[in-house]
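First the structure, in the form of structure tokens, and then the observations on it.
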């Protein structure tokens, strides 16, 4: 075997249909390999997404469930133990607002911030956020700090 007599395996190369629908002389005129009549023979045909040949499609067989409230307010949460560790490592001061949390990568610019009570807080902090859990508020005030709601 040499380079000049290499060729692909028999049957592995298939020629594409050329000149489909370009007259009888092409041997692919008439029906243009689409068979006779029916939607699939027409130009512009495309079956609908999820079409199962007339069988009831899956998305219609399954029941609807659940509910999404249009008035839901979604908060990005920050826990007290995270705040405490940042204050102790001096990345946050004792007066904390949303900009400080953004700078430390805890929240995004357009997020609403809610402070939750996971962990302990021993440092006195004054914090401003959009919402506080009751336990977080109590823990901050117990440590001598204050909570302010952002407008």
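Which FRET efficiency value, to the nearest 0.05, do you get for residue 17 and residue 46 by plugging their Cβ-Cβ distance into 1/(1 + (r/R0)^6) with R0 = 25 Å?
0.80
Label-to-label distance for residue 65 and residue 93 is 5.2 nm, based on points extended 7 Å past Cα in the beta-carbon direction.
Evaluating kT/(6 pi eta Rh) at 25 °C and 0.890 mPa s, with the Kirkwood radius of the range 86-138 over Cα pairs in the Stokes-Einstein relation, gives 210 µm² s⁻¹.
Going by the alpha-carbon gyration tensor, a ≥ b ≥ c the square roots of its eigenvalues, is the chain rounded (a/c under 1.5) or, if a/c is not under 1.5, prolate (a/b greater than b/c) versus oblate?
prolate
Ranking of 67, 132, 51 by neighbouring Cβ atoms within 10 Å, starting from the fewest: 67, 51, 132. Modelled spin-label separation between residue 110 and residue 151, with each label point placed 7 Å from Cα along the Cα-to-Cβ direction: 2.3 nm.
The residues 107, 73, 20, 123, when put in order of fewest to most other Cβ atoms within 10 Å, stand as 73, 20, 123, 107.
Ordering 141, 84, 2, 24 by the number of other Cβ atoms within 10 Å of each residue's own Cβ, fewest first, gives 2, 24, 141, 84.
For the range 134-151, backbone nitrogen atoms closer than 12 Å to the point 7 Å from residue 126 Cα along Cα-to-C-beta are found at 145-148.
Read-outs throughout are calculated quantities, based only on the coordinates presented, and are distinct from any laboratory measurement. No experiment lies behind these values; they were computed from the predicted model shown. Quick reminder, even Gly has a Cβ in these numbers, built from the backbone with ideal geometry, and neighbours come from all protein chains shown.
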